[in-house]
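Take a look at the structure set out below.
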Amino acid sequence: MELLNKLKKAVLFKIMLLKRQNSRGCRKKKEVRALTLEEQDAFLRALAGHQLGTAFILALGTGLRRGELLGLHWEDIDLEEGILHVKRNVVYVRGHGIVVQPPKTEKGNRTIPIPKLVLKMLEGHQERLKAEGLYRPDGPVFPSKNGTYMYPDNFERTFRKLRKEAGIDINLHALRHTFATRLLELGEDLKVVQELLGHARIGITADI
């Protein structure tokens, strides 16, 4: 009987420990939502004149993921045709640093039209990089100060500062969510939105 009680206590201890570990490791994810039109305007005002303003506006205008933005090369962009090609994804891996990967899904390899306003901003951004000696046709569109791939955490940190200036509480993925939401509000077909976002399944797009 004493042995049985000890076993019960041991099992109970493991269960309680597991619950505590799960509660620490499974924090409730912050719900991703689209910006309201008022929040969108406030965010755009906060971006004015910022050296990475074009990057965040490109995210709003194309729905690119963070890693896709940071992995974008100038040779992936056709400024005359007004399109860009998603070919890679940049991530940070502890112990390895920056790692360049294929797009997140098979449908991640895609071509996306660029809004005219964003095209003009990209042209201006390109000229600035040329003046700073950071432009290379086969180099990143949004490089670090050394001309290499920008660390995702640095990009995220800049975003948090800008959203704070705008007075809005969102995460970076909300820009992608906003892109999709605006298209659906304009009556765009769900299948088209799926293709633009590179979602593997249309159900993911439908949940937006």
> In nm, to one decimal, how far is the modelled label at residue 116 from the one at residue 81, with both set 7 Å along Cα→Cβ?
Replying inline: 2.0 nm
> Cα-Cα over 29 Å: which of 87/164; 116/145; 87/130; 107/161; 104/161; 145/191?
Replying inline: 87/164; 107/161; 145/191
> Mind listing the Cα extents of the range 115-169 along all three principal axes, in Å, largest one first?
Replying inline: 36, 28, 17
> How many angstrom separate the Cα center of the range 48-89 from the Cα center of the range 112-151?
Replying inline: 8 Å
> With each label point set 7 Å from Cα along the Cα-Cβ vector, what nm distance links residue 157 and residue 131?
Replying inline: 2.6 nm
> By how many nm would the segment from residue 190 to residue 96 lengthen if fully extended, with 0.36 nm per residue of separation less the alpha-carbon distance?
Replying inline: 30.0 nm
> Which distance in nm do the two modelled labels at residue 148 and residue 173 give, with both placed 7 Å along the Cα-to-Cβ direction?
Replying inline: 2.8 nm
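DSSP loop GluC sites (Glu not before Pro) in the range 146-201 with at most 13 other Cβ atoms within 10 Å of their Cβ, which ones?
Numbers: sites: 156, 165, 185, 188, 195; in loops: 188.
Hits after loop and neighbour filter: 188.
Mind checking the range 115-148 for trypsin sites (Lys or Arg not before Pro) that DSSP puts in a loop (not H, G, I, E or B) and that have at most 15 other Cβ atoms within 10 Å?
On the way: sites: 116, 120, 128, 130, 145; in loops: 145.
Sites meeting the loop and neighbour criteria: 145.
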>> Which of 78, 153 has the fewest other C-beta atoms within 10 Å, and how do the rest follow up to the most?
In response: 153, 78
> Using the reciprocal of the averaged 1/r over all distinct C-alpha pairs, how large is the Kirkwood radius of the range 32-206 in Å?
Replying inline: 16.5 Å
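We did not get these values from a lab; they are worked out from the coordinates using the rules stated. Keep in mind that what you see is a predicted model, and the values were worked out from it rather than measured. Counting neighbours? That spans all protein chains shown, and the Cβs are built from the backbone with ideal geometry, glycine included.
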